[in-house]
Amino acid sequence: MKIRARILFLGLASACAYNAFAADQVSPKVDPRIDLAAKIPGTTPDELRVSAIPGMYELVRGTDIAYVTSDGKYAISGDLYDLKGNDNLTEARRRDIRLKLLANVPESDMLIFGPRDPKYTVTVFTDVDCAYCRKLHSQIAEYNRLGVRVRYMFFPRSGPNTESWTKAEQVWCSANRNEALTKAKLGEELKSPKTCGNSPVGRDYALGQQFDIRGTPAIVMNNGEMLGGYLPPLALVQHLQGK
């Protein structure tokens, strides 16, 4: 009996040792986004996250959002709605992304026109030579009077190495940037240097491209919503109030 018991014990010990060994050989859980990203050219795992649709992932590049199947074979481009609440989930995601990207830009790298005690703050991507940008800026005192604080960022639509880009650089390189912006939008020639080493124009332009800006002024609200175009002062305030 003792011999049989010893054989049984050794058998159980061997089984436990094997199971422990097998457990050690199990690889840690692999993030499925790694495999999926490898199937989509130019994609990194960080650009993917599980979507509200089972079996599909959200693919984000800047504020461009698409939905891809977990096998990487199919993609859907378009806004995703939650029909129960009629909520645009894609736009909500875009707004969140815009706010996070803007949060990385210090206000010291912006041109700010605002009242002492603002009720609202908006961020405006502006082009010195854009007609509607000039119209908006011609009414900046009225926006401020209504409690709107305007944070300007540069988006010369013509791109680098163009006259509008150079003007934006000159505004930034001026001793009084706010005054220089006003003069530039009035069509006055600036005497400031064309480069000064610390200009945010290139960074602002790249951020605008991430936002998929297609026209200026592009007005970003404090909730991340973006309006692609000019709004008169009162209309902007009413929009901010949700009217």
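The values are calculated or read from the model by the stated rules, or taken from the named source; none is laboratory data. Predicted model, so just to flag it, every value in this text is computed and none were measured. Note: ideal-geometry Cβ built from the backbone for every residue, glycine included; neighbour counts use all protein chains shown.
Here are the numbers for this structure:
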item: Unique residue being of a type in the set (Gly, Ala, Ser) and surrounded by fewer than 13 Cβ atoms within 10 Å (Cβ to Cβ) when the list is GLY208, GLY197; result: GLY197
item: Yes/no for PRO233 being surrounded by 14 or more Cβ atoms within 10 Å (Cβ to Cβ), over 25 Å from ILE97 (Cβ atoms), in contact with a Phe, Trp or Tyr (Cβ under 8 Å, 6 or more places away or on another chain) and at pLDDT 95 or above; result: yes
item: Residue check, SER192 outside any helix (DSSP H, G or I) and of a type in the set (Ser, Thr, Tyr); result: yes
item: Residues satisfying the stated conditions in the range 143-163, i.e. surrounded by 17 or more Cβ atoms within 10 Å (Cβ to Cβ) and either of a type outside the set (A, V, I, L, M, F, W, C) or part of a strand (DSSP E or B) (or both); result: TYR143, ASN144, VAL148, ARG149, VAL150, ARG151, TYR152, MET153, PHE154, PRO156, ARG157
item: Lone qualifier among VAL128, VAL124, VAL105 - being part of a loop (DSSP other than H, G, I, E, B), over 30 Å from MET56 (Cβ atoms) and under 20 Å from the mean Cα position of the chain (by Cα); result: VAL105
item: Boolean, SER138 is within 30 Å of ILE65 (Cβ to Cβ), among the polar types (S, T, N, Q), at pLDDT 95 or above and surrounded by 12 or more Cβ atoms within 10 Å (Cβ to Cβ); result: no
